[in-house]
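Report on the following structure.
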Amino acid sequence: MISALFFYLFASLCVASAFMVIASKNPVHAVLFLILAFVNASGLFILLGAEFLAMILVVVYVGAVAVLFLFVVMMLDVDFVELREGFLQYLPVGGLVGVIFLAELLLVLGAWVINPSMPQTITAPIPAADAISNTEALGLVLYTRYVYYFQAAGLVLLVAMIGAIVLTLRHKPQVKRQNISDQVARTKETAMEVVKVQPGQGLSQ
């Protein structure tokens, strides 16, 4: 009874947060609703017995991806009014894609039959003889059989991160930037200028 209550609580909050992500006019509010949706989805994973997926969802998506989205939205001066100007010309294609997705969801929900033994299978994905948790079993498989794929994925993410920094780093001409090499190479002649001022005339510059 308590598990069903928490399921409906997390599920309703997750659906409501996901709706507010696409309905919010403020992009910062949309990112905050996205974080709330991730947290509620992690609660659903905990109810299913997948504590590793719940932890990854909070640590990776909430702690990194959603916060990164928030900083990108706040730091980049994005003109969202200009982005919405071409909304009407893409409306027929978007409506067609939405109708197709809705039909697929209705077909999935209509043909979905819940197996009575499914909850026991989900909550106990590892045989009882192994006596290890989900996180330990995933670690044993990930760092032994798929260790090279794991390292390759990390390398791809590193290259993507460096590429994103290079593409978005722009120097504004109006902003004064500090150049360490020029400061270190300064001499007495370039650092100061001695000007002889005639009495009663003052400086011309």
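Data table
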{"read-out": "Complete set of residues in the stretch 50-66 that are buried (at least 17 other Cβ atoms within 10 Å of the Cβ) and of a type in the set (Gly, Ala, Ser)", "value": "Ala50, Ala54, Ala66"}
{"read-out": "Matching residues in the stretch 118-141 - criterion: being open to solvent by 60 Å² or more (accessible area, probe 1.4 Å), modelled with pLDDT of 55 or more and not in a loop (DSSP other than H, G, I, E, B)", "value": "Glu136, Leu138, Leu140, Val141"}
{"read-out": "Extreme residue, nearest to Ala64 (Cα to Cα), among residues of the stretch 5-49 that are hydroxyl-bearing (Ser, Thr, Tyr) and surrounded by fewer than 19 Cβ atoms within 10 Å (Cβ to Cβ)", "value": "Ser24"}
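The values are calculated or read from the model by the stated rules, or taken from the named source; none is laboratory data. Quick caveat: nothing in here was measured; it's all calculated off a predicted structure. Using ideal geometry, Cβ is built from the backbone for each residue, glycine included, and neighbour counts are taken over all protein chains shown. For the accessible areas, the whole protein counts, side chains as well, though only heavy atoms, and no ligand, DNA or RNA atoms are used. Shrake-Rupley method; radii C 1.70, N 1.55, O 1.52, S 1.80 Å.
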